[in-house]
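Engineer: Submitted below is the structure of interest, expressed as structure tokens.
The values are calculated or read from the model by the stated rules, or taken from the named source; none is laboratory data. Just so it is clear, the model here is predicted, and its values are computed rather than measured. Quick reminder, even Gly has a Cβ in these numbers, built from the backbone with ideal geometry, and neighbours come from all protein chains shown.
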Number of protein chains: 2
Amino acid sequence: MQNLSFTVKKEAKKSRARLGIIEVAHGKIETPYFVPVATAATVRGLDQMDMEELRAQVLLANTYHLHLRPGDKNVKKLGGLHRFMNWNKPLFTDSGGFQAFSLGYGMEHNINKLGNIFPENKKTKTEDIKEKFATINDKGVTFKAHHSGEIIHLNPKKSIEIQQNLGADIILAFDECTSPLSSKEYTKTAMERTHRWAIESLKFHKKKAKKTKQALYGIIQGGEYRDLRDESTRFITSLDFDGIAIGGSLGKSKNDMHNILDWVIPSLPKNKPRHLLGIGDIDDIFIAVEKGIDTFDCVYPTRIARRGTLLVTPEEGGSLKNKFRLNIGNAKFKLDKKPVDRTCTCSTCRNYSRAYLNHLYKTKELAYFKLAALHNVHFMLNLMERIREAIRNDSLHKLKKKWLG
Amino acid sequence: MQNLSFTVKKEAKKSRARLGIIEVAHGKIETPYFVPVATAATVRGLDQMDMEELRAQVLLANTYHLHLRPGDKNVKKLGGLHRFMNWNKPLFTDSGGFQAFSLGYGMEHNINKLGNIFPENKKTKTEDIKEKFATINDKGVTFKAHHSGEIIHLNPKKSIEIQQNLGADIILAFDECTSPLSSKEYTKTAMERTHRWAIESLKFHKKKAKKTKQALYGIIQGGEYRDLRDESTRFITSLDFDGIAIGGSLGKSKNDMHNILDWVIPSLPKNKPRHLLGIGDIDDIFIAVEKGIDTFDCVYPTRIARRGTLLVTPEEGGSLKNKFRLNIGNAKFKLDKKPVDRTCTCSTCRNYSRAYLNHLYKTKELAYFKLAALHNVHFMLNLMERIREAIRNDSLHKLKKKWLG
């Protein structure tokens, strides 16, 4: 029984970057790939016809959100997630473990998993303890639903059952994500819990895997601690997962994250795809690809789009310094007839000017959110295409230099 | 100089309905036609690529809104409204006169032009006087901008100048719209003002019409009073307008509106197109087409879409009784695999179920607004296509009976 096959087409000479193809029940994914996040069965601002237009190869939906609304059992009755959202290509679902962090510790300490204070709440200090929506122990996670206050329990069995009801091609083991503010002791406890949950997740997955045709990824935890990451890598790779995800706290700085990838990746089996959870910054993608990551997912491109931030290539002035961003609400764009990015072939750039987008953003017109999300997702998918092409042509280092300087 | 040509292709035998073609600088409009409203240069929830997909022939944008943001002078600098919004087919702009009513008297008395209390404010009594955002006298209208508090003056000269800057194919004379609550005396005063403004609008339009290639419609006022409507019809038809619009209060009931059309239309020249301002209910459209109206505009289909109301044909249970509507938020659609309307060929109905739309609506996902607006606008355009076909086949009465019973 093989619900996922992964073929490495080419390995780069000067880095661990590799070109591959993941094949699952609903089709193929060319790697390295950035997986757009369709939280509640829609990439925020777009519909699946837009994703077809963008030739997206795979989407990632959130177990926690879909369990709450419309309910995974309802999705099952409606023929599964692919049919529900009318998306006939590959799908990932996450396990809900990340929400145990983001709605629990993250909410309590007002930080994200890189230890940054949530940008939405810049005025709040990390010390201002907020209401906590999730508590965790060995039996699982108890959530208070963010929109209704309903009490939800998740554990490995339940997470896998939900993901089976949803029916994505690639599902994730239930894990506990820790924060850069967690002590080493707590990070170890959480990692050990994640390992026990990995075994349980695998057990419940295996029972029905022949029927579900799903593939399961295990998640490596261990925070920013080398010995813990080593231990977690050994443990997770010893189990019969179809792919490996790297999760949890990636340290206090980008450098920490790069170190973690250097510790973990050389010990990973070459024949399994590697997913880096929740990462979407352009510099991180270049570096992680060079270090051997195959797939990424992040809400970054659609989230920043909603706040007026559009991505631009180096050809259009994008750089590490400006994070490849422009703020379309800026008054300087009010009379700018150029598209967001003259090198971009997305429908937004082919059809509309910066001036028009500035107007739609300022007047909060609904059309803005679609046009902005479409551009940013296209940008990410196009970047990955350039990266794959560069690996193919042995020019990844050159491309990276062009982008990151 | 002929900036608009109108050809009547066929007149119905048993009613005043007619099939026609309006030709203006940016193309042709087959009539009878429902013109979607693109208030701030976008049909709310959709972009112009969506409108192309819907094969929309013409849109109507609002002078008042565009004067405020992004500013008509800026639109002119950007190459005019067509270029600004990337819409190369015909465009209407209104004159701003309606906002003098809706932000003035309407806001003050909390009613719309049919005398209905604004549905948004059902709990407010008409007697609860609200803040007024517009005041009117012979010199024009003074607005307090709804979003910034900025003071704006409009008069016939300024309205035409703004509309020249925007550059729509068909523009409207500056008028004063009255309410069914207005006395006959006030309605007469406003009508006489509208007549003076009609002459001024025509004068400022004519000065540049050769260059602008715009056509100008005059607006008949006179409220629900037969002698005033007769007087206004005589006056407006005596002037050299390219088309005739019927505006203002259309009485206290649908019956009043039908009477007004019966008074006015038989006295209109047959060779000019006739536009009924701000009407979009399905029964009104059937009746007004039979009485000889060529074009309509209304925010109705997109506004109700945003509130969860989707339009359905008689084949799918739509009727006068349910106003051809279903409420997609209703729990009974949670597991409904059918499209909104099985006879509908729009992208929403081809690709998504009621269950998926129910989910998107309940979770307030951005994709909902687009998919819902797309369906409702498609519904209206498709209805007009059926009406045109029925006039062509001498079966309008049969079609109307099928829809209205």
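Engineer: For the condition under 18 Å from the mean Cα position of the chain (by Cα) and either small (Gly, Ala, Ser) or within 21 Å of B:Gly71 (Cα to Cα) (or both), what is the one hit in B:Leu172, B:Leu250?
Structural biologist: B:Leu172
Engineer: So A:Gly71 clears everything in (1) under 20 Å from A:Gly149 (Cβ atoms); (2) at pLDDT 95 or above; (3) in contact with a Ser or Thr (Cβ under 9 Å, 6 or more places away or on another chain) except one condition, right? Which one?
Structural biologist: (3)
Engineer: I'm told A:Ala56 meets every condition in (1) outside any loop (DSSP other than H, G, I, E, B); (2) surrounded by 19 or more Cβ atoms within 10 Å (Cβ to Cβ); (3) of a type in the set (A, V, I, L, M, F, W, C) except one. Can you identify the failing condition by its number?
Structural biologist: (1)
Engineer: Which residues, counting only those in region A:172-198, are more than 21 Å from A:His275 (Cβ to Cβ), of a type in the set (Ser, Thr, Tyr) and in a helix (DSSP H, G or I)?
Structural biologist: Listed by number, the residues that qualify are A:Tyr186, A:Thr189.
Engineer: Residues A:Lys402, A:Lys321: which one is surrounded by fewer than 21 Cβ atoms within 10 Å (Cβ to Cβ), under 25 Å from A:Arg16 (Cβ atoms) and either at pLDDT below 95 or away from chain B (no Cβ under 14 Å) (or both)?
Structural biologist: From the options A:Lys402, A:Lys321, the qualifying one is A:Lys402.
Engineer: Something else: Just checking, which of A:Gly308, A:Gly317, A:Gly405 is touching a Phe, Trp or Tyr at 6+ places or on another chain (Cβ under 6 Å), on the phi > 0 side of the Ramachandran plot and not polar (S, T, N, Q)?
Structural biologist: Answer to the check: A:Gly308.
Engineer: Out of all the residues in region A:213-223, is one or more in contact with a strand residue (DSSP E or B) (Cβ under 8 Å, 6 or more places away or on another chain), among the hydroxyl-bearing types (Ser, Thr, Tyr) and farther than 15 Å from A:Phe101 by Cα?
Structural biologist: The answer is yes; a qualifying residue exists.
Engineer: If you scan region B:194-234, which residues turn out to be crowded, with 20+ Cβ neighbours inside 10 Å and charged (D, E, K, R)?
Structural biologist: Matches in region B:194-234: B:Glu224, B:Arg229.
Engineer: I would also like to ask the following. Of everything in region B:244-272, what is crowded, with 20+ Cβ neighbours inside 10 Å and closer than 15 Å to B:Leu172 by Cβ? Give them in sequence order.
Structural biologist: Within region B:244-272, B:Ile244, B:Ala245, B:Ile246, B:Gly247, B:Gly248 qualify.
Engineer: Is region B:277-295 home to any residue that is assigned to a loop (DSSP other than H, G, I, E, B), in the same structural domain as B:Ile244 (by TED's automatic domain parsing) and in contact with a Leu (Cβ under 6 Å, 6 or more places away or on another chain)?
Structural biologist: Yes - at least one qualifying residue is present in region B:277-295.
Engineer: Could you list, in sequence order, all residues of region A:332-382 that are under 26 Å from A:Thr31 (Cα atoms), assigned to a loop (DSSP other than H, G, I, E, B) and of a type in the set (A, V, I, L, M, F, W, C)?
Structural biologist: If the condition is that a residue be under 26 Å from A:Thr31 (Cα atoms), assigned to a loop (DSSP other than H, G, I, E, B) and of a type in the set (A, V, I, L, M, F, W, C), then A:Cys344, A:Cys346 are the ones that fit.
Engineer: How many of the residues making up region B:59-96 are crowded, with 19+ Cβ neighbours inside 10 Å, part of a helix (DSSP H, G or I) and more than 14 Å from the chain's Cα centre (by Cα)?
Structural biologist: The qualifying residues number 11.
Engineer: Please find, among B:Thr302, B:Thr345, the residue that is surrounded by fewer than 21 Cβ atoms within 10 Å (Cβ to Cβ) and among the polar types (S, T, N, Q).
Structural biologist: Going through B:Thr302, B:Thr345 in turn, the sole match is B:Thr345.
Engineer: I'm trying to understand the selection: among the residues of region A:224-246, which are in contact (Cβ under 8 Å) with a residue 40 or more places away in the chain and under 22 Å from A:Ser15 (Cα atoms)?
Structural biologist: A:Gly243, A:Ala245, A:Ile246
Engineer: If I go through region B:17-49 residue by residue, how many of them are facing chain A (nearest Cβ under 9 Å), hydroxyl-bearing (Ser, Thr, Tyr) and surrounded by 22 or more Cβ atoms within 10 Å (Cβ to Cβ)?
Structural biologist: Of the residues in that region, 1 qualify.
Engineer: Shifting gears a bit: Filter region A:343-364 down to residues that are at the interface with chain B (Cβ under 8 Å from one of its Cβ atoms), out of contact with any Ser or Thr (no Cβ under 8 Å at 6 or more places or on another chain) and of a type outside the set (Gly, Ala, Ser), then give me how many there are.
Structural biologist: Selection size over region A:343-364: 7.
Engineer: Exactly one condition in (1) among the aliphatic types (A, V, I, L, M); (2) out of contact with any Ser or Thr (no Cβ under 7 Å at 6 or more places or on another chain); (3) farther than 20 Å from A:Gln48 by Cα; (4) more than 14 Å from every other protein chain (Cβ to nearest Cβ) is not met by A:Leu396; state its number.
Structural biologist: (2)
Engineer: Within region A:325-337, can one find any residue that is crowded, with 24+ Cβ neighbours inside 10 Å, more than 14 Å from chain B (Cβ to nearest Cβ) and more than 23 Å from B:Phe369 (Cα to Cα)?
Structural biologist: No - not one qualifying residue is present in region A:325-337.
Engineer: Of these, B:Arg350, B:Arg303, which one is more than 25 Å from B:Gly223 (Cα to Cα) and free of Cβ contacts under 8 Å to residues at least 12 places away in the same chain?
Structural biologist: The conditions single out B:Arg350.
Engineer: Which ones in region A:50-76 are more than 9 Å from every other protein chain (Cβ to nearest Cβ), among the charged types (D, E, K, R) and either touching a His at 6+ places or on another chain (Cβ under 8 Å) or touching a residue at least 60 places away in the same chain (Cβ under 8 Å) (or both)?
Structural biologist: Within region A:50-76, A:Glu53, A:Arg55, A:Asp72, A:Lys73, A:Lys76 qualify.
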